[in-house]
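K.L.:
Sharing a structure, written as structure tokens. Questions coming.
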């Protein structure tokens, strides 16, 4: 039997949905902190996500163990760590050379990061959208985290910046997200720019370093590192240059950057909660 | 079981179903891509529940799920609140008036709900400059792939709806 569509209740429900959508949008835009309703829902979801993610990780480990992938992964991780250590030595030497040539006596060189303080956290969920790149971790304000802190891998590779924090959860916007811009420099030559996630015409995501000087001389495999700010320290590895070209204006150069860390393989990340900005 | 407890139990179980889908989509399937697209379980859940509950109750369920999905940090801002509500009302009305509650209907309604909500999301992203036309292929694949969840979600929603059936006068 055909029912009437536009009943009073249906109109009321639609009106409530519209008003609620407008209200939450305005609240999110006006309030600088995480809104309380978002905090409440995420706080409730966090333990469930942690449990399911832990079960998923365990199941994946058993699966990989059956096919002997675990041994190969450990071997691969050890070799990657060795290579990254050697690359860091090269970057340090190039930094020394550049600073000596430009006679910048006030620059403080930092090779060892004894001043860093880390908080480790497991990833419990990923954003379910095709258009964003965010991860949620199972630690929040109670562990000393706050918005703007930088997340890195155990090898010092930048993963992203904390964009939202709750009591026992935090959301990290990764470097592949188009809304995040990180000031960076090419370690060998010192040219500075801004690294941002973007998409190619075929829909794939890449990192792009924008606002490079037109006269910049760049080559593939040049390493890109953070320039440092109040939010994140300098010298953290973002990736390597893979291609260079002129941007849409034809004035500035841009470069595509291959990220140094594989976001799809992350399980545990480290948040830099304190560092010496001197 | 006393009649008066059946209704709250049914809606509680629907809430648990939402929680399960939300956690599975983000924690287990969050970094999984099928031919480059991510699955969208929420529209399938909304469709399967509102099929059995009708336009009004389904619309309220869609509204609450949309709000909770927004609060869980999903993409699209407050858009899910509107799209889930509209999808639920339309699907509930269609099933009350014209269609029968069967699995084939569930597939069709899930496809419609996924296409509608994900389509509006893509349109919003294109308008904001965060996506372009090349994502249309991803949108199509994601919408179609989301139907893979229907064989799991529809029986669960159907089973929960059996707990309480309003007497139609």
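K.L.:
Please identify, among A:253, A:81, A:219, the residue showing maximal mean-square fluctuation in a Gaussian network model of chain A using a 10 angstrom Cα cutoff.
P.N.:
A:81
K.L.:
Would you mind checking the tilt of helix A:69-102 against the longest principal axis of the Cα atoms of chain A, expressed as 0 to 90 degrees and rounded to 10?
P.N.:
60 degrees
K.L.:
With a 10 Å cut-off between alpha carbons and a GNM built on chain A, which of A:32, A:260, A:183 moves the most?
P.N.:
Of A:32, A:260, A:183, the most mobile in the Gaussian network model is A:32.
K.L.:
Nearest 10 degrees is fine. How inclined is helix A:36-66 to the longest principal axis of chain A, computing both from alpha carbons?
P.N.:
60 degrees
K.L.:
Report, in deg cm²/dmol and to the nearest 500, the calculated mean residue ellipticity at 222 nm for chain A, where each DSSP H run with n ≥ 4 adds -39500 (n - 2.57) and the sum is divided by the residue count. If you can, show how the numbers build up before the last one.
P.N.:
Numbers: 3 runs with 88 residues, N = 278.
My calculation for chain A gives -11500 deg cm²/dmol from helical runs alone.
K.L.:
Compute the relative contact order of chain B as a whole-number percentage, counting only Cα pairs closer than 8 Å that sit 6 or more residues apart in sequence.
P.N.:
Result for chain B is 30 percent.
K.L.:
By count of other Cβ within 10 Å, fewest leading, how are A:30, A:152 ordered?
P.N.:
Least to most surrounded, the residues fall as A:30, A:152.
K.L.:
Continuing with this model, one more query. Rank these for me by crowding, A:175, A:269, going from fewest to most other beta carbons within 10 Å.
P.N.:
A:269, A:175
K.L.:
Sticking with this one: Arranged by the count of other C-beta atoms within 10 angstrom, fewest first, what order do B:3, A:258, B:96 take?
P.N.:
B:3, A:258, B:96
K.L.:
What does the structure give for A:17-26 when I average, per residue, the other chain Cβ atoms found within 10 Å of the residue Cβ?
P.N.:
Other-chain Cβ atoms within 10 Å of each residue's Cβ, averaged: 6.
Bear in mind these aren't lab numbers, they're just calculated from the coordinates by the rules spelled out. What you see is a predicted model; the values in this text were computed from it and never measured. Neighbour counts are summed over all protein chains in view; Cβ atoms, including those assigned to glycine, are modelled from backbone coordinates with ideal geometry.
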